[in-house]
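A short worksheet on the structure shown next.
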Amino acid sequence: MDTIRRISKVERRVSLLEGPNRSFRENSTPAVIQYRSRLASLTEYDVEQVKIANYADTVKQLDAYYGQVKRQILNHQSSTTGLFPQMTEEKEIASIRDSIYCAVAIWSLYQAYKRIDDDRGKAYELGQSAVKCMRGILFCWMRQAEEKLEKYKTNQCPEHALHSRFHLETGQPLEGNPDFDSYGHLQLDVVSLYLLFLVQMIMSGLQIIYTMDEVNFVQNLVYYVERAYRTPDFGMWERGSKYNDNTPEIHASSIGMAKSALEAINGCNLFGDKGASWSVVYVDIDAHSRNRSIFETLLPRESSSKNTDSALLPTISFPCFATHDEHLYNRTKDKIVRKLQGTYGFKRYLRDGYGTAVEDTTRAYYEQGETKEFENIECEWPLFFIYMILDGIFKGNDEQIKKYRHLLHARLKVDRNGNAVVPKFFFVPTLCIDAEKREPGSQKRIPSEEGDADNLFLMGQALYIMSELLVDGLLHINELDPIRRYLPSYNRPRKTGRYSAFQGTASDLVVQVVLIAESMRLQAMMATYGIHTQTPHEVEPVQIWSPSQLVKVYEYLGVSKKLGLKGRPPRPIGALGTSKLYRICGQTVICYPLIFEVSDFYLSHDMALLIDDIKNELHFVGKYWRMSGRPTICILIREEHMRDVHFKEMLDLLAMLKKGDCDGLKIRTGRLQNLISSSCIEHLDFLHLLSPDDLPNIEAFQQLEHASLGYQSLTDIPKAIIYNEPTYDFKAL
């Protein structure tokens, strides 16, 4: 009887909190309420429904976080642009990177509130505040579409970079401001971070992109970051090289973030679940592969001037999770902890002069050799304690969480409302510099003025709120990472759409090979050697294209005349891109690799070189294929190949492929019609928006026709071309 009374009391309490439409289920234990999550992803992927011991306490906790977010973050959002400053005392300059993190903190609380049936409108307010910020960033960049973005696609230089800071209220560039005339706006990590969280928020159910002009612009942002692997930028710290001499350099953190963004946005429908086939974003998988290769080659180093950098923490862990190679991850993380961790936080990088007492703030750049003055007195940032807490949460490392929470809480301040405040950094006071240099870590550090109760460091506050929501169990990691970036690609839920997706590579990947003979008589000749080929007529209705024809089609992807955007730059399609099959305007298309393009260059007619190129192509695709479905490579055999003295070596290669092996790589040859079902197929639906008159003029590969067929006609193929030239006697000259 007492148990029944206790249950009825809990029911009445929940009824008062939830209103007339309450929906909960009693568990076997009294006073334990199990409620249904409205987030579909939790139920779809076998994540247990969250159990809360006391519904009222949970609502109270969320409301406390709502008040904190309202006071510390939302109160500083621009009412016009939706952007945020870096520091709350700043009233003119909006920082894109800090704005993104503020939007993510607001969105994370929105995700937590979605568990509550009666949130009294708080979830909607939080969600729309995040949307306003993301759209505000989009509007600022769209104004620079023709002036900056279109030029950057052909010339990746700092002058053509999208800006990383704008006017807080108007959203206009900060041109004419002497402090920002030489500011390094080329920060590829900012655009990559935006694309990554754009996908995360869309997958959570928020509607951020409204029109096709915006879709086309986002597609062009993909082109913007695709070449991060070869573009020197100013990095997360906006300074370029560690010498702060206005020299950009290639940063591993920027490349890793670009890689993660490309993986996340590939095949994403920007209109959400209700999107059309033409609102899908496409990624060049060869560009992704180059970014991945360069990123993993650079690790654990950050750049040529920086041995390591704390900017790699958000790259290898939350939010990007750019590598799932345990060896690379542990090596990079251990190096950061070993070289940069202090008792007050992490140094950004070695010999970083920012914020130190001896830095000359009247000069934008350092003099040669000046960084030596900052050795052992670099500022320590508690922000990276939060990154380590987040890393521990996603990795399930309770010891790491406990350790860094203890270190962090010893450095936090408290505002008048009792909420924690994260200082921006801690520096060594002037009087203690000499002693600190002699014995690093011996002197007490002072918190910066930036990051106190009256001048909040918004990026630090945003990350702190996210970490506390996760630690308190009010937010699940799947809600903060709906696309499961924290999982290796082979463990992520498979996408159900018709577009290609990045997946893990099988350890025994099979590369499919289609042999295409240029003519029927060449096919007959190959058959005498036991090599079964197909002619272009036999693979119909599948068309065979050269890579240059596919480039023509992709030039229509992302075109927006109103914004002055021309679509994909005419970059060649690489080995991975030609290993996919394509569905274009109702036609199925296969592309042969670039090595089979007809060229006047003499090396393109070297059979020995071609054989090596074919082997390298097969092994490259087999090693770096990361898509769902098998790669399908089209090997084109021309009649001119038979004239070469090395044609026997070509026959040996084809015979080896027929046996199913190429130097340890598994190969499957067969008829194209039989291989399509297991191939990776990309649907290029954006051409449906074009009128028939605007469609590109495509020239498919044509079969050579001869007047006579049969074995006698094989003698028409000469083994060598004989030149009969007159001889001259030059002795008299």
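Please treat every number below as a calculation from the coordinates, not as lab data. This one's a predicted model, so the numbers in the text were calculated from it and none came from an experiment. Counting neighbours? That spans all protein chains shown, and the Cβs are built from the backbone with ideal geometry, glycine included.
What the table below lists for this structure:
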| read-out | value |
| --- | --- |
| Whichever aspartates and glutamates have a C-alpha closer than 18 Å to that of K372, once near sequence neighbours (fewer than 8 apart) are set aside | D245, D309, D352, E359, D360, E380, D434, E436, E439 |
| V337-D606 pseudo-label distance in nm [points 7 Å out on the Cα-to-Cβ vector] | 5.0 |
| Where N is the number of residues in segment 552-635, Cα Rg divided by 2.2 N^0.38 Å | 1.32 |
| On Cα atoms only, tilt of 458-471 relative to the major axis of the chain in degrees | 90 |
| Under 15 Å from the Cα of K658 - aspartates and glutamates, other chains or at least 8 residues apart | E649 |
| Rule-of-thumb Rg ratio for the chain [Cα; 2.2 N^0.38 Å; N residues] | 1.12 |
| Semi-axis lengths, Å, segment 297-357, gyration tensor of Cα atoms, sqrt of 5 times eigenvalues | 21, 12, 10 |
| Kirkwood-Stokes translational diffusion coefficient of segment 559-705, alpha-carbon pairs, 25 °C, 0.890 mPa s, µm²/s | 139 |
| Too-long pairs where the Cα-Cα distance tops 27 Å, listed order kept, from K259/K552; K580/K623; K306/K424 | none |
| Relative packing of 522-529, 316-323, which averages over residues the other C-beta atoms within 10 Å, highest first | 316-323, 522-529 |
| Rounded to 10°, Cα long-axis angle of helix 188-203 versus longest principal axis of the chain | 80 |
| Rounded if a/c under 1.5, otherwise prolate or oblate - segment 390-466, Cα gyration tensor axes | oblate |
| Packing-based order for 242-250, 301-309, 668-676, using average beta carbon neighbours within 10 Å, highest first | 301-309, 242-250, 668-676 |
| Cα-based reach from K122 at 13 Å (exclusive), listing aspartates and glutamates while leaving out same-chain residues under 8 positions away | D63 |
| Cleavage-rule hits (trypsin sites (Lys or Arg not before Pro)) in segment 389-489: DSSP loop, at most 15 neighbouring Cβ within 10 angstrom | R416, K444 |
| Degrees separating the helix 647-658 axis from the principal Cα axis of the chain, which is the longest one | 50 |
| By average C-beta atoms within 10 angstrom, highest first, the peptides 222-233, 467-478 | 222-233, 467-478 |
